[in-house]
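Right, one structure below, let's go through it.
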Amino acid sequence: MPIKELPFKKEIAYAAGMMGWSIMTNIIIVMLPYFYLPPNNSGLTPLVPQLLVFGAFNILSLIAASGRLFDAIYDPFIASISDASENPKGRRIPIMKYAIIPAVICCSLVFYPMVKGESITNAWWLTVVLAGFFISVTTYIIPYNALLAELTHSADQKVKLSTFQQVGFVLGMIIGAMCNNYADLIQDVFKITDRSEALQYTIFCLSIFSGLVMTLPVMFIDEKEYTDTKPTPIELIPALKNTFRNTNFKYYLISDFTYYIALSIISSGLLFFVTVLLGLPDSDGGKFMGIMVILSLFFYPFINYGAKRFGKKPLVLVAFGILSLIFVTIYFLGELPFSPAVQMYILVIFASFPLASLGILPNAILADIAQNDTKETGENHEGMFFAVKYLFVKLGQTMGIAIFAMLTVYGKDPGNDYGLRLNGVVGFVLCVLALLFFSRFKENKASDL
């Protein structure tokens, strides 16, 4: 049977899967440091000790990093299973459906500590449930993203579907970042006085909602109707080596990795920057995140046009340059000659273009890399390329959380905020490195035909 082109309704269903994944992932990134090591003006109680290991790493940073050790083994494993699958219903979606319920459960349990107070027991509990969460979302996102290369049959289709996917991602960012706003509403409506309890109810409900929208691509996309791929039963280690033989992929991977460290630092620090550096209420964090995402949507048509007109690489380089300047601004937040609200508006306005371009283009670029590799080798390894990418995405996100948590040792409270400002320096260096590495990337114009 001829392969069908994915219709608009199913493109929306596909993007919904990314929104669900994004909500849960951003809940972890934004709320984990704030919930377990809150600033002293938050109304929350610290849940893990601020103990130092090797004189620099606190417990929360080590917990965040340890959860990804499971991913280091599991990401390429699930990609290999997916690439080699001979399931008559497809290689990707039948695997995705098994991940949804465990992801919902583990995301909720992350914010239900064993002890209501500072305790090492909470640290061990967090290590276990974070590992469960990471494994669950990996089982979903690796085959999900491999579908991007398989459901699209031209460069324009890749950019278009990647754009829908990015809309889902940024909507998830908004929803996840507004946890405190929802908690305010829950406290007002249900007369709950305990702030941590209100946040727990909020995150539990958001996790369920995320799971529901993650089922949409599983329910509404018949993989066999829109893809023409064959199982690729290649051993795991040779498949990994095949991806790293691709020079373009290595430059892409390094720049993408450093970007996600930087992005995770901003996301993890958002509530601290708002409440500590600027003295604004924590509910403003979700408001400013929403404004930034909405502004980024206005750049989407330009990104799609610019990718065709100028290529994807120049837009990515400009985005890295702007993002590096944003981190410089973070270092000086609260000390600029503007009101706190105006300082945040400046930040989110300038961050909207990098958010748009670095959200849409990297997946489309990787789909091109995977497709070109398939033409050269005759083997479908899309799953492995996306597995390696998302292993490094998650390692980057985890390193961002770990770096942020580590720097809080040097100050995270009003009047003692040097650790928060150091994140601006680290983020600036990371974005410059990402720009330098991606400048070596050679864009294949033939992939845009």
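The values are calculated or read from the model by the stated rules, or taken from the named source; none is laboratory data. Here the structure is a predicted model, which is why all the values come from computation and not from measurement. Reconstructed Cβ throughout: ideal geometry from the backbone, glycine too, with neighbour counts over all protein chains shown. Surface accessibility is based on the protein's heavy atoms, side chains included, excluding ligands, DNA and RNA. Shrake-Rupley method; radii C 1.70, N 1.55, O 1.52, S 1.80 Å.
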(request) State the number of residues belonging to the stretch 74-122 that are among the small types (Gly, Ala, Ser), under 23 Å from the mean Cα position of the chain (by Cα) and under 26 Å from Leu44 (Cα atoms). (result) 2
(message) What pairs come out if I take residues in the stretch 105-131 that are among the hydroxyl-bearing types (Ser, Thr, Tyr) and pair them with residues that are part of a helix (DSSP H, G or I) whose C-beta lies under 7 Å away, six or more apart or interchain?
(response) Ser108/Ile203; Ser108/Phe204; Ser108/Ser207; Tyr112/Gln200; Thr127/Ile63; Thr127/Ser66; Thr127/Gly67
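Being in a loop (DSSP other than H, G, I, E, B), out of contact with any helix residue (DSSP H, G or I) (no Cβ under 7 Å at 6 or more places or on another chain) and either small (Gly, Ala, Ser) or surrounded by fewer than 20 Cβ atoms within 10 Å (Cβ to Cβ) (or both), is that true of even one residue in the stretch 352-375?
no
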(message) Report every pair of residues separated by at least 6 positions or lying on different chains whose Cβ atoms are under 8 Å apart, first residue within the stretch 194-208 and without any contact (Cβ under 8 Å) to a residue 60 or more places away in the chain, second open to solvent by less than 40 Å² (accessible area, probe 1.4 Å) and in a helix (DSSP H, G or I).
(response) Ala198/Ala183; Ala198/Ile186; Ala198/Gln187; Tyr201/Ala183; Tyr201/Ile186; Thr202/Cys179; Thr202/Ala183; Thr202/Ile186
(message) Please determine whether any residue of the stretch 366-373 is modelled with pLDDT under 90 and touching a His at 6+ places or on another chain (Cβ under 9 Å).
(response) yes
(message) So, Leu270, is that one surrounded by 17 or more Cβ atoms within 10 Å (Cβ to Cβ) and closer than 27 Å to Lys394 by Cβ or not?
(response) yes
(request) Test each condition in (1) more than 25 Å from Met18 (Cβ to Cβ); (2) open to solvent by less than 40 Å² (accessible area, probe 1.4 Å); (3) among the hydrophobic types (A, V, I, L, M, F, W, C) for Val328 and report the one that comes out false. (result) (2)
(request) Those residues that are buried (at least 19 other Cβ atoms within 10 Å of the Cβ) and part of a helix (DSSP H, G or I), I need them from the stretch 415-425; list them, please. (result) Gly419, Leu420, Arg421, Leu422, Asn423, Gly424
(message) If Thr121 meets every condition in (1) among the β-branched types (Val, Ile, Thr); (2) modelled with pLDDT of 90 or more; (3) surrounded by fewer than 20 Cβ atoms within 10 Å (Cβ to Cβ); (4) touching a helix residue (DSSP H, G or I) at 6+ places or on another chain (Cβ under 7 Å) apart from one, which number is that one?
(response) (4)
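To keep it simple, each residue is scored yes or no on (1) assigned to a helix (DSSP H, G or I); (2) at pLDDT below 80; (3) open to solvent by less than 10 Å² (accessible area, probe 1.4 Å).
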residue: Ala72; (1), (2), (3): yes, yes, no
residue: Ala79; (1), (2), (3): yes, yes, yes
residue: Lys89; (1), (2), (3): no, no, no
residue: Ile101; (1), (2), (3): yes, no, no
residue: Tyr112; (1), (2), (3): no, no, no
(request) Scan the stretch 246-277 for residues that are hydroxyl-bearing (Ser, Thr, Tyr) and under 19 Å from the mean Cα position of the chain (by Cα) and jot them down. (result) Tyr252, Ser255, Thr258, Tyr259, Tyr260, Ser264, Ser267, Ser268
(message) I'd like the residue in the stretch 376-387 that is over 12 Å from Ala149 (Cα atoms) and open to solvent by 10 Å² or more (accessible area, probe 1.4 Å) and, out of all such residues, is modelled with the highest pLDDT.
(response) Glu376
(request) Given the conditions (1) open to solvent by 60 Å² or more (accessible area, probe 1.4 Å); (2) on the phi > 0 side of the Ramachandran plot, report the number of the one that Tyr305 does not fulfil. (result) (2)
(request) Filter the helices (runs of 4 or more DSSP H) completely within the stretch 125-221 down to those with at least 3 residues that are at pLDDT below 90 and open to solvent by 40 Å² or more (accessible area, probe 1.4 Å). (result) 155-177
(request) Please tell me if Phe209 is under 20 Å from Tyr260 (Cα atoms), under 19 Å from the mean Cα position of the chain (by Cα) and not hydroxyl-bearing (Ser, Thr, Tyr). (result) no
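Looking at this structure, is Phe302 more than 16 Å from Leu270 (Cα to Cα), of a type in the set (Phe, Trp, Tyr) and outside any helix (DSSP H, G or I)?
no
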(message) Please count how many residues of the stretch 1-41 are within 12 Å of Met214 (Cα to Cα), under 11 Å from the mean Cα position of the chain (by Cα) and of a type outside the set (Val, Ile, Thr).
(response) 5
